[in-house]
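Q: Below is a structure I'd like to ask you about.
The values are calculated or read from the model by the stated rules, or taken from the named source; none is laboratory data. Please read all numbers here as calculations on a predicted model, not as lab measurements. Reconstructed Cβ throughout: ideal geometry from the backbone, glycine too, with neighbour counts over all protein chains shown. To get the accessible areas, we keep the full protein, side chains included, count just its heavy atoms, and leave off ligands, DNA and RNA. Shrake-Rupley method; radii C 1.70, N 1.55, O 1.52, S 1.80 Å.
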Amino acid sequence: MSRRWLVLVIVTAAIVLVAGRILSSWYVDYNWFAINGATRLWWVKAINLSLLRTAAFLVASMFAFINLFAVRSSVKSLRMPRRLGNLEFSEEVSARILNRSVLAMSVVIGILFALTHNDWMSMDLMRHGLPFGETDPYFRMDLGTWLYQLPLESTAHTWSMVVLIVMTVMVVFLYVLTPSLRWEGGQLHVSGHVRRHLSVLAGVLLLLLAWGYRLDAFDLLRFGTGPAGALSALDHKIGIPANLTLAMLAVASAVLVTWTGWIGQTRVAFVTITVMLLAALTVRQALPAVAGRFVTASDADAQEQSYRGIRNAYSRRAYAVDAIERAKLSDAAPALADALRGASLWDQESMRRVVSGTQPGARPNGALGWHAQDGRLVAFALEQPVGPQSVESLPAWGINRVAADVTDDHGGPVTREDAISGAAPRGVLVHDSATTYYVLSDTGRRVVARTLDSFVSRLAHAWHLQNPSLLGGRASDATTRLLLYRDVRDRISLLYPFFAQGKRVTPVVWRDSVYWAVHLYATSDWYPLSTPQQFVGREVRSVQHAGVAIVNGHTGRVSSITSPRAGPMAESWMLRFPELFSDPSMFDMSFLTRLPPATDGALIVAQALASSGMRGEFDARAHLPGQLSDSSYTPADPAPWFNRRTTSVSVVIPLLDPTDEIRGVVIAQGGSDFRTRWIRGDSAGPRWSQVATDLQAASDSFQAGERATRPLAGAIRILPTTEGFIALQTQYVIRPDGIPQVLLATIATNRGARTGRTLIEAAGLPNPVVVELPVSPDDFRKRVAALYESMREAMRKGDWAALGAAYDALGRLLRSPPQP
């Protein structure tokens, strides 16, 4: 009896611990979403997961119960050996216990298979997603059905096959333990009960195969036999009808196998299954090879042209190529001088090495930031304190700023101070790759974190985090807050799980505060007839820019600015959770201008434009420049460019003709406008290979005159100007500390290539004169208020350097010309 009580106590304690961990996780999770204003998101996720898992539980448990009860029905009696002292005897297990065991096993199996379902987003899109209003040309299904329903249906089919296989193996194993299924005298003996049971399972398997053939017909619009998975004439005329025919044949076979197996006609059932397998093998393997000779025309390229046209059209929609604004070079490009004065002398990789050359006791955090200051381009990196300096409760972070268009006398970087931002930011609690939670005293109640002001809250968080110290001491203070999920990407993925994040966590420094910007994209692998692309490490068939998420580095508050051309899938989530999305008018204009351009999205659009062409302007077969063998840096990571014509930091991506002529450039600008623009040349542009040759020849000539060693070549960059496309390239030497040093800059125009110490010098232009950009009255008042607040904060902290910097910035602002 004591042993039974011990087992009961252990089992009860284990149940209490597991239940407590689950309940505490739910409590902490709900409270986190509540303080972030996302209660609706928590409930929507919980409801959809409940619906999905309840349906899976009912199906799996019912299927398991039917099969296990069928096995139990074949057992007339079950005797278990028992021992009492030295006396051994067998005891019959009652039918009630057997039935209860079957029910318990079915419930356990249902729970285990239900917990594997997590795709609540497809479930919610099926219920509330906006229709696209467009259909595919072959099945006539709305594109929303492809993106919302088919992913969940495909997962359900795979899950059903696993359930069937597991239950079949379990049923066969249980029958082997009984006399109903045995190997005796070199023969397999199967009772009529087992035969009927297995024939029903075979019929269910054939029905699932029919379901799979139907899905395979749809998959041909994504994974065709043409180049890069394109749908071909063979797929359209043979593959799709063949899979649908197999689906109908499998349904008929399922009915026939079930009926013949039930009545004992095992040979007919066996022949039916054999014919079905041979038909599948013939249709899948032999028929395409034979029928291809009759389907394929003499001019295969002409036959596939219509399919390529359809694929290009759907690719343009999938990657929002049709939403690109078009402009001519002469109408949308700045003058040569303005284009060069907004360009960076350092390309992206070299600037990253320069800015990331931190001081001892600090390391860079996040991506490289770029912004315009006083009409010129500046790059900066945030420096996170490490070592003894990081022990301080809220250590100050450093900011390393480098002027992007000039060098010192030795070709090295020139640091710059941003007077508007004032002192280095303090209290950066949320940042890139933060690994643990943080307990702090927040008397101002600004940090978006849970207050540990009650015993229930402290107990739940202590249980969830496995940290008993949260139960008392400092945690009992009413001002104490627990900041969870301090990693920028973690916070964004919890609040915007339906969007994919860009590669870069870009810092934005504004008013002595640090913000983190991450671009969001609506992606799918189920968009039909679209050319696949690689996006953030995975293959997708649809990418559309949804907006940018902004995380306050101190408070942890997350907001987002939506793109006006996000597409139906993203708009479905915006309408579902309007509290998670913001309009640009809710932000200060001086902050919005510092938001980075969507580089990842621009590259996807440029690749899609190259592969599918521009409707009404040119066909496909364009391409992006490749990496040159003598270049250390890839042109696929372009350095931002300050477009003085639009006063925004932008990225420029060139597209080349099959003959390597520069056809035009794709420009994605920063800020909150999110526009992508295609600027084509007024005439045939220079050849990429010729540009590379001219740049190399000019730099070789310069090096011969200087008698310098061969430097390291940076990426070739293309800029649009009113005089045509110009190419830029910088040559570097690497110092012993690994920091690049500019040796010379080269530009190539339609008048030839020239070199100099800077781009301005290479172009033969006078040194730039920094002119304050005019500001509107409203912007003027906002900037004055911001600087005044920075001065007050600096005085409160006793930071006289920050006070002087803000005072100088105020002076420059007062001297700037007003906007007419």
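Q: Sort out for me the Cα centre separation of segment 564-618 from segment 89-157, rounded to whole Å.
A: Measuring centre to centre over Cα atoms gives 34 Å.
Q: On a 1.4 Å probe surface of the protein chains, which of MET586, MET121 comes out largest in accessible area, and what is the full order?
A: Ranking MET586, MET121 by accessible area, largest first, yields MET586, MET121.
Q: Taking a probe of 1.4 angstrom, what is the accessible area of PHE380 in Å², to the nearest 10?
A: Accessible surface of PHE380 is approximately 10 Å².
Q: Another one. TYR485: accessible area at probe 1.4 Å, nearest 10 Å²?
A: 80 Å²
Q: Using just the alpha carbons, could you tell me how many Å³ per residue the convex hull of segment 428-515 encloses?
A: It comes to 113 Å³ per residue, whole-number rounded.
Q: Can I ask one more? Around LEU759, under 11 Å between beta carbons, what's the net of Lys plus Arg minus Asp minus Glu among the other residues?
A: Here the charged neighbours net out to +2.
Q: Checking a compactness column here: for segment 565-681, what do you get for Rg(Cα) / (2.2 N^0.38 Å), N being the number of residues?
A: The reported ratio for this selection is 1.24.
Q: So if each residue of separation counts as 0.36 nm, and I subtract the Cα-Cα distance between ARG267 and TYR437, what length gain in nm does that give?
A: Computed gain between ARG267 and TYR437 is 54.6 nm.
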